[in-house]
Amino acid sequence: MEWTRKDLLSLYDLSAEEITFILDTAEEFKKVSERRVKKVPALRGKTVVNFFVEPSTRTRVSFELAEQRLSADIVNMQAAVSSLRKGETLLDTVRNIEALQVDLVVMRHSAPGAQDFIAKHLSCGVVNAGDGAHSHPTQALLDIFTIREKLGTLKGVNVTILGDILHSRVARSNMWGLLKLGANVTFAGPSTLVPREFEEVGVRVCHDLKDALRDADVVNLLRIQHERQTAGFFPSTGEYAKFFGINRERVKEMKPGALIMHPGPINRDIELSSEVADGPNSVILEQVTNGLAVRMAVLFLVAGCVKK
């Protein structure tokens, strides 16, 4: 197929064929990172602005390295040192960025839909690096890429996503991508964090950990956000760990060889014990490695559709 989108905003927007095309392209870019010379001229002459209005470490570094590997020119911006602090609107800020003849804007923002809004007003490409609790398409793509790489397929695979589903853009993006590629998705965790409304789109919702783990081929754990504790979503992190944390004993209740995943950062001994995070079932660091290939693929495909 031919890629025709100048933006990557969410997996909800994409067809199964488009998602598969990104994954297949990422496979080729992963080979680049395994070479002695890890750089290609695919984006030579292109300028990418990384505009992170919300803090980030892993995603920002991964995008920067992907852009470097593709030979792009890079500008990094943060809200704290931008004109947003002076009262300038987000749209005026990104329009001024575009006026400098940039080709792509990679943006993270705390407001759901912020990237969708600016993409409608810009002719340059926009890549969503996370927006509120709405969408994080490249994280979902790297998760899905890792599952496909390890298991060979997505069709019929049972994926349990465990933790704070209510506030998770990672869970929502994984949901759309996995369902479109034929996987079976279970959302699990405390009832306060896993609302039943997701059943309406074909997700199984489960509040019993043993039930959620029993048939899982993949368990993807989400970070428990400490700020949620004061909001009354669960009594304490200790109680969460007791009922929903994954440790060595709970791994024994899972299928042999079931994959353990986590988008990071990990709260060790809360959602995941160290011996499991660093154990043979864990593919957490492989997710990080695959994130580089996926983001190279996304930047390459989106940049190819920017009309300049």
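The values are calculated or read from the model by the stated rules, or taken from the named source; none is laboratory data. Note that the coordinates shown come from a computational prediction; the quantities given were computed from them, not determined experimentally. All Cβ positions, glycine included, derive from the backbone under ideal geometry; neighbour counts span all protein chains shown.
Here the condition is being exposed (fewer than 12 other Cβ atoms within 10 Å of the Cβ) and of a type in the set (D, E, K, R); of 2, 54, it holds for 2 alone. With respect to (1) farther than 23 Å from residue 233 by Cβ; (2) of a type outside the set (S, T, N, Q); (3) touching a His at 6+ places or on another chain (Cβ under 9 Å), the lone exception for residue 178 is condition (3).
Inside the range 16-53, can you point out the residues that are of a type in the set (Lys, Arg) and either in contact (Cβ under 8 Å) with a residue 40 or more places away in the chain or under 10 Å from residue 293 (Cβ atoms) (or both)? If you could, list the steps in order and put the result at the bottom.
Looking only at the range 16-53, we keep the residues that are of a type in the set (Lys, Arg), and these are 30-31, 35-36, 38-39, 44, 46.
Within the range 16-53, 30, 31, 46 meet the criteria.
Determine whether residue 31 is of a type outside the set (Phe, Trp, Tyr) and buried (at least 17 other Cβ atoms within 10 Å of the Cβ). Here the answer is no, as residue 31 does not meet what is asked.
For beta carbons closer than 9 Å, sequence separation of 6+ or different chains, a first residue in the range 275-292 that is over 25 Å from residue 63 (Cα atoms) and a second that is outside any helix (DSSP H, G or I) and of a type in the set (Val, Ile, Thr), the qualifying pairs are 276/246; 276/260; 279/260; 281/219; 281/260. Among the conditions (1) at pLDDT below 95; (2) buried (at least 22 other Cβ atoms within 10 Å of the Cβ), the only one that residue 175 does not satisfy is (1). All of 148, 95, 44 fail the test of being basic (Lys, Arg) and within 20 Å of the chain's Cα centre (by Cα), apart from 148.
Within the range 272-290, can you find the residues that are more than 15 Å from residue 150 (Cα to Cα) and either in a loop (DSSP other than H, G, I, E, B) or not hydroxyl-bearing (Ser, Thr, Tyr) (or both)? 272, 273, 275, 276, 277, 278, 279, listed by residue number.
For the range 213-244, taking the residues that are among the hydrophobic types (A, V, I, L, M, F, W, C) and more than 13 Å from residue 271 (Cβ to Cβ), the one that is modelled with the lowest pLDDT is identified as 231.
Please specify each residue of the range 236-250 satisfying the condition of being in contact with a helix residue (DSSP H, G or I) (Cβ under 8 Å, 6 or more places away or on another chain) and crowded, with 21+ Cβ neighbours inside 10 Å. Full working, then the answer.
Our first condition is that a residue be in contact with a helix residue (DSSP H, G or I) (Cβ under 8 Å, 6 or more places away or on another chain); within the range 236-250, this holds for 236-237, 243-244, 246-248, 250.
Residues satisfying the conditions are 244, 246.
Does residue 140 fit the bill of being under 23 Å from residue 22 (Cα atoms), in contact (Cβ under 8 Å) with a residue 60 or more places away in the chain and part of a strand (DSSP E or B)? Steps first, answer last, please.
On the way: under 23 Å from residue 22 (Cα atoms): yes; in contact (Cβ under 8 Å) with a residue 60 or more places away in the chain: yes; part of a strand (DSSP E or B): no.
For residue 140, the condition - under 23 Å from residue 22 (Cα atoms), in contact (Cβ under 8 Å) with a residue 60 or more places away in the chain and part of a strand (DSSP E or B) - is not met.
I'd like to know if the range 171-181 contains one or more residues that are outside any helix (DSSP H, G or I), aromatic (Phe, Trp, Tyr) and not assigned by TED's automatic domain parsing to the domain that holds residue 16. It would help to see each step written out before you state the result.
We begin by selecting, within the range 171-181, every residue outside any helix (DSSP H, G or I); these are 181.
Right, trim to aromatic (Phe, Trp, Tyr) and you get none.
No: zero hits.
If you go through the range 12-25 one residue at a time, do you hit one that is modelled with pLDDT under 95 and exposed (fewer than 14 other Cβ atoms within 10 Å of the Cβ)? No, because not a single residue in the range 12-25 is modelled with pLDDT under 95 and exposed (fewer than 14 other Cβ atoms within 10 Å of the Cβ). Within the range 251-282, the set of residues being in contact with a Phe, Trp or Tyr (Cβ under 9 Å, 6 or more places away or on another chain) and either loosely packed, with under 15 Cβ neighbours inside 10 Å or not acidic (Asp, Glu) (or both) comprises 270 only.
A residue that is at pLDDT below 95 and touching a helix residue (DSSP H, G or I) at 6+ places or on another chain (Cβ under 8 Å) can be found somewhere in the range 134-151. What do you reckon, is residue 162 touching a Pro at 6+ places or on another chain (Cβ under 9 Å) and closer than 21 Å to residue 250 by Cα? Judged against the criteria, residue 162 is not a match.
Residues in the range 103-139 that are surrounded by fewer than 17 Cβ atoms within 10 Å (Cβ to Cβ) and hydroxyl-bearing (Ser, Thr, Tyr) were compared, and the one that is farthest from the chain's Cα centre (by Cα) is 123. Of the residues contained in the range 291-304, none is found to be at pLDDT 95 or above, assigned to a loop (DSSP other than H, G, I, E, B) and surrounded by fewer than 18 Cβ atoms within 10 Å (Cβ to Cβ). For the structure I just gave you, tell me whether residue 153 is under 20 Å from residue 294 (Cα atoms) and not small (Gly, Ala, Ser). It is true that residue 153 is under 20 Å from residue 294 (Cα atoms) and not small (Gly, Ala, Ser).
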